[in-house]
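Step one of this worksheet: look at the structure below.
The values are calculated or read from the model by the stated rules, or taken from the named source; none is laboratory data. A quick note: this is a predicted structure, and the numbers were derived from the prediction, not measured. Because the Cβ atoms are built from the backbone with ideal geometry, glycine has one as well, and the counts that use them run over all protein chains shown.
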Amino acid sequence: SLLYDSYQEKVITPELRRQVWRQYCTEVRRLGGTPPPDRLLQTAAIQRLLQALGAYGKLWIRDGLDWYRQFVLPGFRLMLAAAEEVDAFPGIQSMARQAMRLAGEKLGRCPVEP
């Protein structure tokens, strides 16, 4: 989940993410295993980001912990990126775009600014 972590959006670039994933797959092969399909990384990232975004929303809105609000837009941006990287999950892509717009309005920020 570190490769698609809202806390690390500015540190883990898409290129670094690809390099780390390729290295992981290389190491799995070197050890005699079969690496997972490429889209598994993005699929798992989407699932993890859905869970994280739910937690951020609860902690921010219900529990009043404003510190978590800063991770909402990065979470949706990363979710959208993961879905677009495998050119799949059109429903997730649409939902992420709409959620980014709504969250941006609530936060008073442009949803695409990093």
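Taking each residue of the range 96-114 that is of a type in the set (A, V, I, L, M) and looking for partners that are surrounded by 14 or more Cβ atoms within 10 Å (Cβ to Cβ) and at pLDDT below 90 with beta-carbon atoms closer than 8 Å, six or more apart or interchain, yields 100/111; 103/111. Among the residues of the range 21-72, the ones that are surrounded by 12 or more Cβ atoms within 10 Å (Cβ to Cβ), out of contact with any helix residue (DSSP H, G or I) (no Cβ under 6 Å at 6 or more places or on another chain) and among the basic types (Lys, Arg) come to 4 in all.
Could you check the range 89-107 and list, in sequence order, the residues that are out of contact with any helix residue (DSSP H, G or I) (no Cβ under 7 Å at 6 or more places or on another chain) and either surrounded by 15 or more Cβ atoms within 10 Å (Cβ to Cβ) or not in a helix (DSSP H, G or I) (or both)?
Of the residues in the range 89-107, the ones out of contact with any helix residue (DSSP H, G or I) (no Cβ under 7 Å at 6 or more places or on another chain) are 90-91, 94-95, 98, 101-102, 105-106.
If the condition is that a residue be out of contact with any helix residue (DSSP H, G or I) (no Cβ under 7 Å at 6 or more places or on another chain) and either surrounded by 15 or more Cβ atoms within 10 Å (Cβ to Cβ) or not in a helix (DSSP H, G or I) (or both), then 95 is the only one that fits.
Across the range 6-23, the qualifying residues are those that are under 18 Å from residue 46 (Cβ atoms) and in contact (Cβ under 8 Å) with a residue 40 or more places away in the chain, and the one among them that is nearest to the chain's Cα centre (by Cα) is 6. Among the candidates 34, 43, the residue that is over 15 Å from the mean Cα position of the chain (by Cα) and without any contact (Cβ under 8 Å) to a residue 60 or more places away in the chain is uniquely 34.
Going by the structure shown, is residue 56 at pLDDT below 95, under 15 Å from the mean Cα position of the chain (by Cα) and part of a helix (DSSP H, G or I)? Here the answer is no, as residue 56 does not meet what is asked.
Every condition in (1) at pLDDT below 95; (2) farther than 29 Å from residue 108 by Cβ; (3) touching a Leu at 6+ places or on another chain (Cβ under 7 Å) is met by residue 20 except one, and the failing one is (1). Each residue in the range 68-88 was checked for being closer than 20 Å to residue 2 by Cβ, in a helix (DSSP H, G or I) and touching a Leu at 6+ places or on another chain (Cβ under 9 Å), and 11 of them qualify.
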